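Here, each number is a calculation from the coordinates, and none is a lab measurement. This one's a predicted model, so the numbers in the text were calculated from it and none came from an experiment. Using ideal geometry, Cβ is built from the backbone for each residue, glycine included, and neighbour counts are taken over all protein chains shown.
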Amino acid sequence: MSLQEFLPTPKFEDYSEFFKDFFTMSRRDDGVLLVQAHTVGGPIQLSVQNHRALGQMLKVIGADPENEILILTGTGDEFMMRSDPEGFAIEQDNLDYWAYEYAYKDGRINVSALVNDLEIPTIGLVNGPGFHTEILTMCDITVAAEDAVLFDLHYDIGSVPADGIHNAFQELLGTKRAAYALLTGEAIDARKALEYGLVNEVVPGPELIDRGFAIADHIMTQPRTIRRLTTQIVRRPWKRRVMEDLDGGFGIQMFGHVAGRHSAHGGEHIRSTVDYVREGRKNNFDGPEKHGGE
C-alpha cells in the first residue's frame, strides 16, 4: 500500500452550490456540463466579483475528473451589456490596487484557465449581444444565437483593449480586421462573425443550448482519452497566443489605467458607450446602418 493517499477532487454537488450566485450549473450523467453565467438570475453585469469568480470556476471544473465537456454561455437575451452599478467601486477608490489585484491578476487567470486548466473540450454559446466574448470565442467550438453581436468596448471607454479580447480578435480575425474592431468598437453581428471566423455556427436563439448539446453528443462518441488528447491538439494555437501576448498586453492595459488615473468601468459610462449596439449601429461615430453593413 502506498504511504500516501490521493487527495479528494472537487465534487459537483459542492461547487455547483458554491458558485450558484454567479453560475447556474447542470451536469448530465455522462459528464457533459452546462454552465450559464448570470447576475441575480439575468444577463451578466460585469463586476470585480464575477470577474474573479470566472477563473475560480474554470479551475475547479478542470480539477474534477468527472467533467467531460464544458458548455459555457450566458443567461437571458444578452451576454454582457452592462456593468454592476457598484461592481467597480474599488477601481475608483483604489486604482493602483484594483489594477493589479482585480484586473491584471484575475484577468490573466480567466483566460489562461480556459486554455490551460481544462483537459476537456469546451463549447461556447454566444446567447446575445455582449462584450468580453473572448471567453466564448476562445472555446474550442463557438456557436452564436442569430441576434448575437460581438464587439469590444475598451477603446471607447478609455481603456487599452489588451485583456484577452485582443488575443481572440487577433487570432481569429487577423491583423487588419482585429485592428479595426479594437479601434472602432465595430459591432459584428452573428452572420458577419460567422463569415469572419469568430464563430462556427449561427442558430436561432431558442435552439442555442440544444445545439450545444448536439455537438457535445458527437464529441462524446469517442473514448475519453481520444477526446482529451484531441482537445490538446486543437488548443495549441491558443496556448501559443496566450503565452506570447496575454501578460504583456494586460500589463500595457493596466499601465494605461494607472497613467490616466481614471476609472473606466462605471455603470453609466458603459451603458452609454454601448448604446450604439442596442440601436443597431456599427459603431459610435457613424449613422444608423445594419451590423457589419458595407
task: Could you tell me the convex hull volume per residue, in Å³, taken over the Cα atoms of the stretch 1-110?
output: 133 Å³
- request: Treat every Asp and Glu Cβ in the stretch 80-185 as -1 and every Lys and Arg Cβ as +1, leave all other atoms uncharged, and give the resulting dipole magnitude about the Cα centre to the nearest 20 debye.
  value: 400 debye
task: Sort the following peptides by mean Cβ neighbour count (other Cβ atoms within 10 Å, averaged over residues), highest first: 230-238, 107-115.
output: 107-115, 230-238
query: How high is the FRET efficiency from Arg224 to Ser26, r the C-beta distance, R0 25 Å, rounded to 0.05?
result: 0.75
field: trypsin sites (Lys or Arg not before Pro) restricted to DSSP loop in the stretch 9-44 with at most 13 other C-beta within 10 Å
entry: Lys11, Lys20
- request: Towards the positive end of the charge dipole of the chain, with charges on Cβ (+1 Lys, Arg; -1 Asp, Glu), say which of Ser263, Met25, Met243 has the farthest Cα.
  value: Met243
- prompt: For the chain, with only Lys/Arg (+1) and Asp/Glu (-1) charged at the beta-carbon, what is the dipole magnitude about the Cα centre, in debye rounded to 20?
  reply: 720 debye
query: If you place +1 on the Cβ of every Lys and Arg and -1 on the Cβ of every Asp and Glu, how big does the dipole about the Cα centre of the stretch 172-294 come out, in debye to the nearest 20?
result: 600 debye
task: Would you mind checking Lys59/Lys239; Lys105/Lys239; Lys105/Lys176 for any pair whose Cα atoms are more than 27 angstrom apart?
output: Lys105/Lys176
- request: Please work out how much length the chain gains when fully extended from Leu183 to Arg278, using 0.36 nm per residue of separation minus the C-alpha to C-alpha distance, in nm with one decimal.
  value: 32.3 nm
field: Label-point separation in nm, Arg236 to Glu66, each point 7 Å along Cα→Cβ
entry: 3.4 nm
query: Regarding the stretch 129-239, what is the average projected area of its C-alpha convex hull, in nm²?
result: 7.2 nm²
field: Inter-part distance where the stretch 6-63 and the stretch 170-244 are each reduced to a Cα centre, Å
entry: 21 Å
query: Taking a label point 7 Å from the Cα of Leu7 along the Cα→Cβ vector, which residues of the stretch 80-113 have an amide N closer than 20 Å to it?
result: 109-110, 113
Dimensionless Rg ratio for the stretch 182-294, taking C-alpha atoms and the 2.2 N^0.38 Å reference: 1.46
- prompt: Could you give the Stokes-Einstein D for the chain in µm² per second, using the C-alpha Kirkwood radius, 20 °C, 1.002 mPa s?
  reply: 110 µm²/s
message: Of all beta bridges DSSP finds with both residues in the chain, what is the antiparallel percent, to the nearest 5?
response: 30 percent
